[in-house]
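J.: Structure in structure tokens, see below.
The values are calculated or read from the model by the stated rules, or taken from the named source; none is laboratory data. Values in this document were obtained by computation on a predicted structure and should not be read as measured data. We place every Cβ from the backbone using ideal geometry, glycine too, and count neighbours over all the protein chains shown. In case anyone asks, the SASA skips ligands and DNA or RNA and just uses the protein heavy atoms, side chains included. Shrake-Rupley method; radii C 1.70, N 1.55, O 1.52, S 1.80 Å.
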Amino acid sequence: MSNKEVKAALKSAREAIKNKEFKEALKHCKTVLKIEKNNYNAWVFIGLSASELDQPDQSQAQLLAWQGLANLYDKTDQWDFKVELPNVYQKLVELYASSDKNKCYEVIDKLTEIYESDKEYLKLARVWLQLIQLKEEEPVDKKELVQLLQKMTQLLSDCLKEVEQDSETQQHLITAFEKALVLIDPVPGEDHKKVSADYVKCLSLLPQEEARMTAACQSMISLYPNQSYPLEVLCHHYLKTGNFNEEAVSSFSRLMDLVPDSGLGHLCLGTKALLEGRYKDAIDDLTQGLKKMSSTTGWYSLAEAQFKIYRYADSATSCSQGLNVCDSEEKELRIRLLRLKLEALVRSGGEKAGEQIPEAEKDPVLLALKGRAYLNKGQTDQALKVSSELVASNPNLAQGLALKGLVHFAKGEKQLAEQSFLKAASQSPDCGEYFFLLGQLYWDMGEETRKDRSKAHTHLLKAAKLDPHLGCVFRYLGHYYRDIAKDYGRAQGCYKKAFQLDSEDVESGAASVDLSMGQGDMDTALAILQSVLEKATPGSAKWAWMRRGLYYLKVGENQQAIADLQAALRADPEDWVCWECLGEAYLNRRSFTAALKAFGKAHQLQPCSIYSVYQAAAIKQTLGKFKEAVAEYLLITAKQDYVPALKGLGECQLSLAKSLMQDCRDGGATDLIQQAIQNLFRAVQLRPDLSCLWKLLGDACTAVSTVSPNRATVIVPALLAGLDANTENQMLNQAQTLKVGERCYAHALKLMPEVASLWYDLGLNYYHQASLTQNDQNSPAMDIEKAQQCLKKAIMMDSSNHSYWNALGVVSMNKGLENYALAQHCFIKSIQVEPNRYVITWFVLYISSLAHEAFKIAQSLEPLYVNCWIGQALIAERVGSYDTMDLFRHTTELSTHMEGVKGYAFWVCSTLLDKSNRDSELYRYNIVQMNAISAAQVALSKYTERIQSDPDAFIMLGYLNEHLQLKRQALQAYQRAVELLQSMSSSEELAFSLGSYGRALCTSGQWEEAVHVYNSTPLQELSDLVGLALAYCKAGLISESISAYERALAVASSEKEKAYVLTALALLQHQQGNLDSAKTLLFKCSMLKEPISESLVCLCALGLAHRDATLAAAALTELLKQGSASGSAIEQRCLLTCTLLAVQGNFSAVPREVSRAVHSNPGNASLWALLSRVVPQYYPRKANGGAVAGHVACLSSMTQGKRALLYSGVNQLASGRHSGEDSKKNALKTMQRAVLLCPDDPATWAGLMAACYTENTSCYLSGSAPRRQALQQTLMSVVSEKGMLTGRPLAQALEGWVLQQAVTGLMLEGQLEQAEVLCTQVLNVSPEHAAVMLSLRQVQCQRLLMTDGGTVLPEPVLEQLSSAVMMNPTNLGAWHWLAEVYRSQGLLVQAVMAYRQSLQLASQLGMHSCQVASLLRLALLALGPCMVGVPGNDWKDLVLEATTEVLKLDSSPVALLFQALLQFVTKMAARETRRLLERLVYIQDIPATVVQVASWYLLRHLHAKNDEELMKVLLQHAKMNRDERLLEFHSVLNSSS
């Protein structure tokens, strides 16, 4: 048969099976087998048919059929096949069991995989047992059986972990383990140990097999005693079941022996300790065990142990940890943890604890906790309500009674609280807490109950016996033993016990440390503190840090104290006491700045603390900040009479007074001394037993000995002055105040008679009293003897103090004793005591002998001691050394010493009086370089403040003030000198001082008083006569002045003096109008043998004033022949030369002359200022350079800079520099600075007005809104006011200009009506004011031109305008304005005439710039008709004529532009046109406006010629210069073409 036949037969068999024709199917299958004996499908069909027909003889066919069916189900992915597949495999196992064991084992493996994946563990166990039974039937090795059993146990053990198994499966698993343990060999062995461990593990997971698990563990322990696992399983079982019998304890011990750090072992031991009441041991073991392993039971046990010893916060934390690891199955344990945590939180006092207590109403204990939670939050009413409900429902519940007692205690109802606590204690007599509450209540009820031993003490002792872990009981017992029984030993023990029980009990720890320190047991105290601080975290244990810091502060270990106190502050930065302690530590370490900050912080936190303010003041006093210290002390003394503050305040005020006295500021020093006396007397009244206060009071009174006697008036309290306390305060003079100081020192000595320094101070006081009473015959001798006796007494007590020896030496030399031998002995003794320090003794030795050697040694010891330098200066003065003045100057730099100051001032004045040494190097160094005049004036002012009876000093001071231009001060000094000399007999000095006084009066403008003073002099000196003549002249008495000068001429001894007098007479003659007489006198001066330059200057100025160029030139020539000038004469000569050039009409030479002078003298600021002044008038094109010149003058000299700033502003106005061009350097900014520097100068205000007008004009031109409007009238008023104050001759002209400027500004703003009103107001006051009339006509004309239809002005109006201009013939601007009016009316010929008139006027006045302006305006006027094509050559000729004249005067780009435009109009396409325009476009230094106009016409020219290349060059140039208009114009031209 072919394959087709086989397939057909199989198909027929399949159909027969479907039709249940099994016999027919067998036939077809047999047919197939004849052809293919191993045909798989045929055998399957035979098996099916045979099984249906129940033919046992077909078993082989049946086996094949099940195999085929298994393969079919396995290969076919249908769920019903997968479900039936295990049954098919099971059938195959049965069939193979008797025929083919290997095939059977294979099918079992497949069946095992299916059962394992489907988690059919029972069937899996049965299959494995079936497999093992099959193996047991065969003679197999034990090892193979063991392996099979191990594999079975492993599979079932893994399955056991996943799901809960039925008892049959568990029993199969146990049976497998037991069979494996029996078969394993050897015993003991590794395999046996492993299987035993797995067996124990398996049994531990089966609670019902407890006995079998225990037996297995014991068996394994006996076989393997070094294995910890069975012990761990046993211990875990005991821990879980709570079984702690002897067998369990033995297991615990054996486990700890095997594994000392076993976490489970520690947990077991800790739990056992908890049950036995050993809470600390329990906590230690449980804590250590939980570090190794996490256990919910362990956490609960730890929390319970902590709760038992009242560590509620720790207990709550442990509960939280237990809840985190608690399984969902441990529901009961979770509830216990929650309940314990709740109670711990409530008892720890947390406000949020117990807010939501579940099922509180059902459980009385929870309800009591809820009440305590209300109590913690301060809600006593809610707590009372809960307690009442609790007691009502459970009257015998101790917790409810205790809660009610706590509520009553919180409300202050102590009797009710006592009743509740007694009831609670009776209900629970074994609870120590209730007895503690009673003891605490009795302690707080007052002193009587505290002392009653049957109450507080008894109940506290009973609480301690009942509950030895309650730390607060021992704290209160400590309080009792400390405060009541005074048994500090027991108190210390109780506090220590309380602190050991609760390390967070700060009160107990602090009390224990304080008691130890109080008893001197520092080691114990430090040990306690150390134990606390070792465990402390940053920011905690403040009390311990602070106490240890105070201990270190006490023993002087300041650095360690600072560290500890800083740590305390980290815990509580707001503790002001700790800040004060830290300040003390810093202060002891001499860290004053840090201490100051600490005390400042303490005061900030506690403003009422006086100590911190006092310490801050004391530190500032130590640092020498006496003013700040005084302010701090006053804060204290204003609140209360605090003696240390009053003492410090007096000391600071006395120190400030001494510093002022060193600077000779005696008035301020006296005021401070008076305040110091008042404050120290307040302190003395409070503490009269303090010697130091009396000593300070004596020092304050004695300090007045230094100041000037007429300033040493002090107001002291009447009681201190020895008067009745009810009388008012007394004003004492210097002697009386010293007497009060004597009594104060005596009082101090009564209190402390053995203090040598007090005797020394008293001796100095007597010495100062003796110095004041030298005119008295008896008193000085008595006082000086007392001083000597006191100093001897001080030396007897302390002979090692050099100051005492030196003072005794000085006193012994004084008039009245004059014991020079004793004095020299004392000085030598002082040097022997302090050979390397005391320089004063060496100086005093100079007075007695050995000057040179003494000064040499003294200066080597102390170079800054001023007296040594004064002595050297006196010696230099004696021998005539050039170093004298320098030595005296050095004394004034070291300090203010009267002798040194007067010597230096004398030498400065002497040098200044000698006019012959001005060019010497010595003068330049001593006077100029050392700034001697100012230094001497300052020093001498201090001298006269201290010594007010020295006329010579006042004369020198006045002379120095004159040199410094201090007119008022010089006048006062000379006046004081005259007053002093009038009481003396020195007529020569009086005459000199009167002359100086008169000169000072003249300088200050008091001419009548000067005449009176000069007339009081003998009038024999030339200076007096000349001064009198000048005073007469200034007073308006010209004839008397001439007479005085004539007398002076007769007295003059030299030709030079006569020349000066003659020059003055000439000026007076010119003032009276006698020009010829003035010239004669000046010519006479020039003919003298010793001519003076002043007379030639006057002669030159006379010629210039009268426009006599010949006379001025001759005088100037003679002046220049006298040689080179210096100082101000340089500027004077330059100014005369420039004026002469202007008079001669050579205007362009004026700026060149000034520039030449500047180049010759670049350091002369006056010449720079002059250059800046002339540039805008004579060379306005270089106005930028003029502004720079003014800036240089400002930098060179502040005096010249004020005026030069105005000139710079004018230059910037001339150059048109406004804020739009330069926001920082412009005319407005400069003028504003000028006004700030010179607010009284009307010219600066006028310049500011012009600058504002310039800014507004630039805004109008740029199209923006002006920002400085409505300022004209205000600025005009300011200029008028300042002009009246200054009274300058040009003030009226300036006012006229400002008026015109104001009118112009108003016209620019369009406020024509206001401008007209302004002009009318001025004309009402001055009707003949031509300039104002012109302004009025200009305004009126503008209003007519702006009205509708008013473009043509009537003939009468034009005549009025012409008349107004004719009234101002020299006003060039008026002619220009009139020409513009004519042009606007079309009257070009009249406009030309007006411009020619202005040109003629400018030529006559020599105004170069105005000439150029008139010519350019004329050219522009003529260019107009040319541009519109008016026939004829007249206008063209006029343009060429005007521009040619301009170019003759100066180079002018505008003139060149006009010529180029004229060429463009006449011959636009000519090459010359392009050349002229290109010269303006591409050449540098051409104004931007000219360039833009020329570029516009050049573009038209190139466009007409279609020259693309040159146009491209022009446009590129425009882009570089940002000429947007030209680019737009080019685009317009292109679009139109």
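J.: The range 1088-1121: which trypsin sites (Lys or Arg not before Pro) are DSSP loop and have at most 10 other beta-carbon atoms within 10 angstrom?
T.: When the trypsin sites (Lys or Arg not before Pro) of the range 1088-1121 are filtered for loop state and at most 10 Cβ neighbours within 10 Å, Lys1089, Arg1107 remain.
J.: Another question about this same structure. Please report, to two decimal places, log10 I(q)/I(0) for the range 593-660 at q = 0.16, 0.24 Å⁻¹ as given by the Debye formula with identical point scatterers on the Cα atoms and no solvent.
T.: So the normalised log intensities work out to -0.47, -0.98.
J.: Quick check: pseudo-label points 7 Å beyond the Cα along Cα→Cβ at Asp1240 and Ala821, how many nm apart are they?
T.: 7.1 nm
J.: Can I ask one more? How large is the accessible surface per residue of the range 540-596, computed with a 1.4 Å probe and reported in Å² as a whole number?
T.: 44 Å²
J.: If you look at just the Cα atoms of the range 1381-1537, how large are its Rg and its Dmax in Å?
T.: That works out to 17.1, 54 Å for Rg and Dmax.
J.: What's log10 of I(q)/I(0) for the range 1291-1380 at q = 0.11, 0.15, 0.17, 0.20 Å⁻¹, Debye sum over Cα points only, no solvent?
T.: Cα-only, vacuum Debye calculation for the range 1291-1380: -0.29, -0.54, -0.71, -0.99.
J.: Hey, another quick one. What full-extension length gain, to one decimal in nm, is calculated for Ser1223 and Thr458 as 0.36 nm per residue of separation minus the Cα-Cα distance?
T.: Full extension from Ser1223 to Thr458 adds 266.0 nm.
J.: Solvent-accessible area of Leu922, probe 1.4 Å, all protein chains present, reported in Å² to the nearest ten, please.
T.: About 80 Å², rounded to the nearest 10.
J.: When the convex hull of the Cα atoms of the range 493-565 is projected onto a plane and the area is averaged over all directions, what value comes out in nm²?
T.: 4.5 nm²
J.: Something else now. Report the FRET efficiency, 1/(1 + (r/R0)^6), for Glu36 and Glu330, where r is their Cβ-Cβ distance and R0 is 56 Å, rounded to 0.05.
T.: 0.20
J.: Further question on the same structure: Provide the convex hull volume over Cα atoms per residue for the range 1134-1282, in Å³.
T.: 117 Å³
J.: For Leu1075 paired with Ser1128, estimate the spin-label separation in nm (one decimal), with each label point 7 Å from Cα along the Cα-to-Cβ line.
T.: 2.8 nm
J.: When you count, for each residue, the other Cβ atoms within 10 Å and take the mean per peptide, how do 369-376, 1237-1244 rank with the highest first?
T.: 369-376, 1237-1244
J.: Hey, another quick one. How large is the accessible surface of His1106 in square angstrom, using a 1.4 angstrom probe and rounding to the nearest 10?
T.: 100 Å²
J.: Something else: Over the range 646-758, what relative contact order in percent results from Cα pairs under 8 Å that are six or more residues apart?
T.: In percent, rounded to a whole number, it is 26.
J.: Using a Förster radius of 51 Å, what is the FRET efficiency between Leu634 and Leu1344 based on their Cβ-Cβ separation? Nearest 0.05, please.
T.: Approximately 0.10, to the nearest 0.05.
J.: Can you give me the P(r) profile for the range 677-737? Cα pairs, bins 10 angstrom wide beginning at 0, each as a whole percent.
T.: 23, 52, 24, 1
J.: How big is the Cα convex hull of the range 1465-1524 in projection, averaged over all directions, in nm²?
T.: 3.9 nm²
J.: Here's something else I'd like to know. Send over a whole-number figure in Å² for the accessible area per residue of the range 945-1104, probe 1.4 Å.
T.: 48 Å²
J.: Can you put Arg590, Arg665 in order of accessible area, largest first, using a 1.4 Å probe?
T.: Arg590, Arg665
J.: Let me ask something additional. Ranked from the most accessible area to the least, with a 1.4 Å probe and all protein chains present, what is the order of Met898, Met796, Met661?
T.: My answer, sorted largest first, is Met796, Met898, Met661.
J.: What spacing in nm lies between the two simple spin-label points modelled at Asn1146 and Ser503, each 7 Å away from Cα in the Cβ direction?
T.: That separation, rounded to one decimal, is 10.8 nm.
J.: Would you mind counting up the charge near His1159? Only other residues with Cβ under 13 Å from its Cβ, with Lys and Arg at +1 and Asp and Glu at -1.
T.: Residues close to His1159 contribute a combined charge of +1.
J.: Calculate the FRET efficiency for Ala746 and Glu899 from the Cβ-Cβ distance with a Förster distance of 51 Å, rounded to the nearest 0.05.
T.: E(calc), rounded to 0.05, equals 0.90.
J.: Here is a further query. What is the diffusion coefficient of the range 964-1010 in µm²/s, taking the Kirkwood radius over Cα pairs and the Stokes-Einstein relation at 4 °C with a viscosity of 1.567 mPa s?
T.: 121 µm²/s
J.: Per residue, how big is the convex hull of the range 1089-1180 when only Cα atoms are used? Give it in Å³.
T.: Dividing the Cα hull volume of the range 1089-1180 by its residues yields 90 Å³.
J.: Further question on the same structure: Expressed in nm to one decimal, what extension gain is obtained for the pair Ser1451 and Lys194 from 0.36 nm per residue of sequence separation less their Cα-Cα distance?
T.: 440.3 nm
J.: Order Glu330, Glu504, most accessible first, counting only protein heavy atoms with a 1.4 angstrom probe.
T.: Putting Glu330, Glu504 in descending order of accessible area: Glu504, Glu330.
J.: Using a 1.4 angstrom probe and counting only protein chains, how large is the accessible area of Tyr434 in Å², to 10?
T.: Spelled out: Tyr434, probe radius 1.4 Å, area about 20 Å².
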